[in-house]
Structures are given as structure tokens and as C-alpha cells.
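We did not get these values from a lab; they are worked out from the coordinates using the rules stated. Source: prediction; values computed, not measured. Note: ideal-geometry Cβ built from the backbone for every residue, glycine included; neighbour counts use all protein chains shown.
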Amino acid sequence: MKSKFSIQSVLSKFDKNLDSIIHEDIPILKKIKKQVITSGGKRIRPFAHYLFCQFLNVKDPSWLDVGSVAELIHAASLLHDDVVDNAPIRRGKPTIGASFGNKTAILAGDYLLACGISRLNSLGNPELMEIFSQVLRDLSVSELLQMEWEKNPKITLKIYDQIIYGKTASLFGVCTEAAAILANKSKAERKEFRQFGVRLGKLFQKKDDCLDYFEDSKTSGKEFLKDFKNGLYTYPVLVLRSKLTLIEKAKLNKMFQKETRDRADETSILSLMDAKKIPNILHKELEAEKNDLLQFLYQFPKTEERELFVEQLNRLT
């Protein structure tokens with residue numbers, strides 16, 4: 001890809017393909033389809049799939065459908081997430097639930113999944129069907145785990161890791177593994193590509209969690225301290241908790257168990273993060289993980305596609 005325009009041309013191909021995959025049988029689906037395609041999403045997952053197809057010199061035209069199905073699964077999971085979280089806004093716009101009701105949002109998510117699986121089935125590749133079916137199972141399990149543990153003070157880093165694996169990392173892993181499948185790589189090689197995607201997805205989610213505490217709204221595009229205000233035990237909090245004394249842990253848990261957290265609580269949590277050097281600890285951890293992922297990318301020839309991926313990775317830390 002020689003210019004930003006060519007990047008946009010790839011994204012445009014995905015958007016056009018999404019338009020062809022989602023069949024709007026009734027007026028409400030037409031509105032939902034428009035929102036999915038014009039939502040402002042970055043198309044990170046399908047674009048990662050496309051780039052790995054480029055790295056592996058994939059000639060199979062199925063790459064476009066595979067990447068599109070990954071984006072549909074992601075879009076469907078967001079519809080369901082917004083219902084679970086009772087979220088009124090997504091990317092600065094009213095959610096489907098807020099506009100049309102939660103029942104409509106749930107059924108719309110199911111419909112998107114059905115459209116994606118139907119297109120995937122038409123490719124006649126059982127290996128692709130198998131890995132995408134597993135993603136759907138992973139998503140369901142992670143949502144159940146998240147509902148069970150997100151406000152539970154007994155949540156551990158191991159449980160958190162299980163949640164983000166199913167919620168985010170599994171789909172990233174499928175996007176990179178699917179490229180290896182289309183390139184007819186061995187099972188051992190497929191495993192390596194999948195693991196890269198899984199690690200990328202976990203890095204992506206942890207960075208997203210960090211934005212809540214360490215980036216203002218203008219920089220991150222997210223409401224500052226939203227996760228904290230909702231009483232969620234996200235990655236920065238779990239790392240912080242591992243550095244606290246028993247008395248400090250008790251105070252932290254008491255803060256999170258309150259019905260609402262006020263300005264004084266916000267000042268307190270940020271002071272604790274700073275005192276325990278959590279921003280520095282997390283930066284070093286994410287930087288080390290990013291560098292490991294970069295080493296994997298450097299096995300491929302230096303092309304504009306590879307350098308684009310490197311650039312995107314560098315933005316994560």
C-alpha cells in the first residue's frame with residue numbers, strides 16, 4: 001500500500017462487502033445496517049487480517065469475506081455489550097438500544113451474526129467455520145464471566161485474562177490464523193499466527209483499560225474514569241491491588257463497593273496509582289509485550305504493509 005488513499009480503498013472494500021452481506025429485509029434492519037457500516041469503527045480486525053494475507057501472499061479472494069465476517073461478529077458483540085452495560089452512547093452516537101430498545105438491539109446482534117455465518121458457510125471451508133464457531137463460544141463465555149466478576153472484589157488477574165481472551169483476543173487470533181489457513185500453512189504455523197493475534201488482542205484490551213485512568217477524554221476519545229465510576233475491576237486496578245498492603249486493599253475494595261464514587265474517590269484512586277507507580281509499571285509491561293510482537297513481524301520482508309502494522313503497534317504503548 002503506497003498511500004493513505006490505498007488504505008482507505010481497502011477499508012472501502014470491507015464496507016461495500018458488509019453492505020452486500022447484511023440483507024435488510026425490514027425497515028429497522030436497514031437503519032441498523034447503515035449504523036454498522038457508518039459507525040466510525042476503525043476496522044482494526046479485518047484490516048489486521050488483510051495485512052497478514054499480504055504478508056503471506058494470499059491469492060484466495062475469500063480474504064475479503066473472512067475479514068468482513070470478523071467485523072460483523074465484532075459489531076454484533078458491541079450491540080450485545082451495550083445492552084448488558086445499558087449504554088446510551090457508542091462512538092458519540094446513540095446506541096441501537098437507546099434508539100430502538102434493548103430487545104431490538106439483541107435481535108439485531110443475532111441477525112448480524114446469522115448474516116456473517118451464512119456468508120462464511122458459503123465459502124465451503126470447514127477450517128474457517130471451525131475457528132469462527134469457537135470465537136462465538138469464547139464471546140459468550142467471556143460475557144458470562146464478565147457479568148459474574150466485573151464488580152466482584154475477589155476477581156483475580158487469571159480471571160481477568162480469561163475474560164479478555166474471549167471478549168477481545170480470540171477474535172484477533174482468528175483474524176491472523178485465518179490468513180494462515182488461506183495461505184495453506186501447517187497447523188504448527190497456524191498456531192503461531194493465532195498466538196500473535198491473541199497477544200495483540202490482549203495488548204489492545206489492556207491499553208484500552210489503561211486509557212480510562214491515564215488519558216484525558218480529548219486524547220482517548222473515552223469518558224475519563226468511566227470504568228472507575230462504574231465500579232469495574234479493570235487491569236490497572238488489579239495491578240494496583242497487587243501492590244497494596246492489606247489495609248490499603250480493604251480501603252480500595254470499600255471504595256469500589258460504594259453505590260457511586262465521588263470526586264474525592266477519583267482523587268484518591270489517581271493518587272494511589274501515582275504513589276504505587278502504576279502508570280510506569282504498566283507502560284514497561286505493555287512496551288515489552290509490544291516489542292515481542294514486533295520481533296514476530298520483523299520475520300516478514302520490509303514492505304509498506306509491514307511498516308504500517310509496526311506503526312499501529314507503536315501507537316499502542
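Kirkwood hydrodynamic radius for the range 108-238: how many Å is it when counted over pairs of different Cα atoms?
Taking every pair of different Cα atoms in the range 108-238, averaging 1/r and inverting gives 16.3 Å.
Label-point separation (nm) for residue 23 and residue 37, each offset 7 Å from Cα along Cα-to-Cβ?
1.6 nm
With a sphere of radius 15 Å drawn around the Cβ of residue 26, what net charge do the other residues whose Cβ falls strictly inside it have (Lys, Arg +1; Asp, Glu -1)?
It works out to a net charge of +2.
Give me the dipole magnitude in Debye, nearest 20, for the chain about the Cα centre, with unit charges on the beta carbon: positive for Lys and Arg, negative for Asp and Glu.
Approximately 360 debye in magnitude.
More than 19 Å apart: what percent of Cα pairs in the range 1-102 qualify?
Roughly 47 percent, rounded to a whole number.
What order, most packed first, do the peptides 163-171, 305-313 have when packing is the mean number of other Cβ atoms within 10 Å of each residue?
163-171, 305-313
Determine ³J(HN,Hα), in whole Hz, for all residues of the range 273-281 in sequence, where each value follows from phi through the Karplus function 6.51 cos²θ - 1.76 cosθ + 1.60 and θ = phi - 60°; x replaces Gly and Pro.
4, 5, 5, 8, 6, 5, x, 5, 4
If you take volume of the Cα convex hull per residue in Å³ from the coordinates, which of (i) 146; (ii) 161; (iii) 136 do you get?
(iii)
Quick one: how many lysine pairs in the range 155-226 have C-alpha atoms under 21 angstrom apart, if they're 8 or more apart or on different chains?
20
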